[in-house]
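Take a look at the structure below.
Values quoted throughout were computed directly from the atomic coordinates according to the rules given, and no laboratory measurement underlies them. Predicted, not measured: the structure shown is a model, and the values here were computed from it. Please note: Cβ atoms are built from the backbone with ideal geometry, for glycine as well, and neighbour counts cover all protein chains shown.
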Amino acid sequence: MRFIVKDKLYDTDKAELLCTFSKQWKSETILGTLYPYRDTDLYKTAKGAYFVTSTASNGKNYIRVVEEITAKYYLMNNDYDKYCEMFGPLEEG
């Protein structure tokens, strides 16, 4: 999938898939605003940008560009081994 956000191209075929997890996404419906959980993929581009994508039940694809700190949070909580590979292990408490 390819997305354009603020004049930049984000391509899931060229970016590295870091992890998949379940996340709530805002959804406007005739019933009002809902926040359904959807399978979400976290990617990193060759230039170091992070983004998440998801597909709604109606087949529409969504993207959200995220900061590195948000990407770290998603990795820490969903694929700690990948987090350690990229950023090193957390200090023991």
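Neighbours of Ala46 by Cβ distance under 14 Å: Lys/Arg scored +1, Asp/Glu scored -1, total +1. Note on the chain: lysine pairs with Cα distance below 14 Å, sequence gap of 8 or more or different chains, count 8. Note on the chain: Kirkwood hydrodynamic radius from all Cα pairs is 14.3 Å, rounded to one decimal. Under the simplified labelling scheme, the Thr20-Asn77 pair shows an inter-label distance of 2.0 nm, with each label point 7 Å from Cα along Cα→Cβ. Please report the net charge: other residues with Cβ closer than 12 Å to the Cβ of Asn78, K and R +1, D and E -1. It works out to a net charge of -1. Count Lys and Arg as plus one, Asp and Glu as minus one, and take only other residues whose Cβ is under 14 Å from that of Val66; the net charge is then +3.
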